[in-house]
Structure formats: structure tokens, C-alpha cells
Amino acid sequence: MTRKLTNIQEDVKINKHEGYYSTKKRGKRSVAGIPHKGWKCSYVEDLGEPMIKCQMCESNMIRYVYHMTHEDFPEVLHVGGVCAGYMEDDPETAWRRDRELKRQIARPKRWTSQYLEFMIKNRHLLREQWLSMVWRTSEKGNLYISDSGYRIIIQQRFGRWTFIVADEQNDSFVYNSKNKFPTLDEAKLAAYDHITSILIEIRDSISKLRKN
Ligand SMILES: [Zn+2]
């Protein structure tokens, strides 16, 4: 009886926080074999707008995607900030961190050399998470993802994989990979490294302009 009451209070608390989550829809929280606690957040991703369903409660559309890992569970779960808090056993700390992270990953309107430097320095960390990022499927059936103001589109041709890069701001074509990759993962990583090289180029041209 006491336990039930606690659950209801929890739900009310969640409702107040993000305005969703009914007591009926509990998603994976009620599925046996999925640990409820003891998860760790390995990365937070900003999709720009709410785009996918939280894989834990399976009811909320989320913009900030928490990549959750657990030693007793083989997959990475993509969840929202509220569910991440419960999975980590510490909602209050998670919510505070959530706000802080959202501030940090909010993109500045114009790139400064400091911001570029910060991005380039952290690229290797993001690269480790790259393959478990949320890739979306276009109307044509191609996988795509946003990265640092660019859109990467993966295409498959004759059993091999290749990628295209477009500028998201003006929707213009930037780069078409001439290499064909034997696996999807290799194409994804090559695309990632290409964006890194674009960022380095931009940073270098900014610092050259400054010197002149
Ligand atoms: Zn959720």
C-alpha cells in the first residue's frame, strides 16, 4: 500500500516536471528483465527538436537524448532527462545536470574560434558514441544525422556504403564521398571524421584571417 502511494507521488512529480507520463503508460519500466536502477549516462545528444520516443517510458517525444548503459543490459537505451534521472537513482541531481547540459550544448548563433576549439577538442569523445547516436531515416530510406550544423546522409549503392554532407543552414551540398565503404559503421565513422576535418579547416581559416 505504501509502495503504491510512493509510485503515485512519483508520477505526479514527473507530470509537474515535463507535463507528461501517465500512470497507465509505463513502457519498459514495467517489462521484466530490464533493470530499473543502476544505469549510467554515457552521452547526451541534442536532436534540435523532439524527434524520437523515449525508449524507457515509450510515451514521450524527446529532444535531449540520454544514452544510458547498464552492465546487465546489452543495449544502449535512448531516453529523456526524466527517465534518465530515475534510471540513475537520483532524479534531483539528474534534473540539475539536465539543465546544466542543455545550457552547454545550446549552439551559439555564430561560431567563435573558442567554440570551434572546444568542439574540436571534444570530437574524440563524441566519436566513441557516434555509432550509437540516433540516426533518422529519410523519406528515400537513407539514414541521416545532424552534426555541428551539417547533415550527413548515408547511402547504399551496390552493397557498399557512402556518404553525403550538406550544410543545414542553407540546405546546400558540401561534400560527396568518393570512397565506398564495405560496412555501414565504416561509412558513419568516415563521415564523422570528415566533419571534424571541416571544423579544423574553418578554425584554421578564422585564425589566418585574424593574423592578416
Ligand atoms: Zn521516458
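The values are calculated or read from the model by the stated rules, or taken from the named source; none is laboratory data. As the structure is a prediction and not an experimental result, all values here were calculated from the model. We place every Cβ from the backbone using ideal geometry, glycine too, and count neighbours over all the protein chains shown. Protein only, heavy atoms only, side chains kept; ligands, DNA and RNA dropped before computing areas. Shrake-Rupley method; radii C 1.70, N 1.55, O 1.52, S 1.80 Å.
Annotation for the stretch 52-160: chymotrypsin sites (Phe, Trp or Tyr not before Pro) lying in DSSP loop with at most 11 further Cβ atoms inside 10 Å of their Cβ are 158. Within 14 Å, Cβ to Cβ, of residue 178, how many net charges do the neighbouring residues add up to if Lys/Arg are +1 and Asp/Glu are -1? My count for the surroundings of residue 178 gives +3. Note on the stretch 113-211: Cα-Cα pairs beyond 18 Å make up 49% of the total pair count. List residues of the stretch 37-81, by number, whose backbone nitrogen lies under 15 Å from a label position 7 Å along Cα→C-beta of residue 122. Taking a point 7 Å out along Cα→Cβ of residue 122, the residues of the stretch 37-81 whose backbone N falls under 15 Å are 42-48, 64-67. Surface composition of the stretch 113-211: carbon and sulfur make up 52 percent of the accessible area, probe 1.4 Å.
Using the structure shown, list the pairs from 53/121; 28/140; 140/178; 121/188; 178/208 with a Cα-Cα distance above 25 Å, or answer none. Correct reply: 53/121; 28/140; 178/208. Per-residue 3J(HN,Hα) values for the stretch 165-181, derived from phi via the Karplus relation 6.51 cos²θ - 1.76 cosθ + 1.60 with θ = phi - 60°, read 10, 10, 7, 6, 5, 10, 6, 9, 6, 10, 7, 10, 5, 7, 6, 10, 10 Hz in sequence order (x marks Gly and Pro). Taking the protein heavy atoms of the stretch 27-77 in the context of the full set of protein chains, the accessible area attributed to carbon and sulfur is 49 percent at 1.4 Å. Heavy-atom accessible surface of the stretch 90-212, averaged per residue, reaches 65 Å², computed with a 1.4 Å probe.
Computed with a 1.4 Å probe on the full set of protein chains, the accessible area for residue 83 sits at about 10 Å². Sparsely packed loop sites in the stretch 139-212 (the GluC sites (Glu not before Pro) outside DSSP H, G, I, E and B with at most 11 other Cβ atoms within 10 Å) comprise 139. Extending 7 Å from the Cα toward the beta-carbon at both residue 210 and residue 185 defines two label points whose distance is 3.8 nm.
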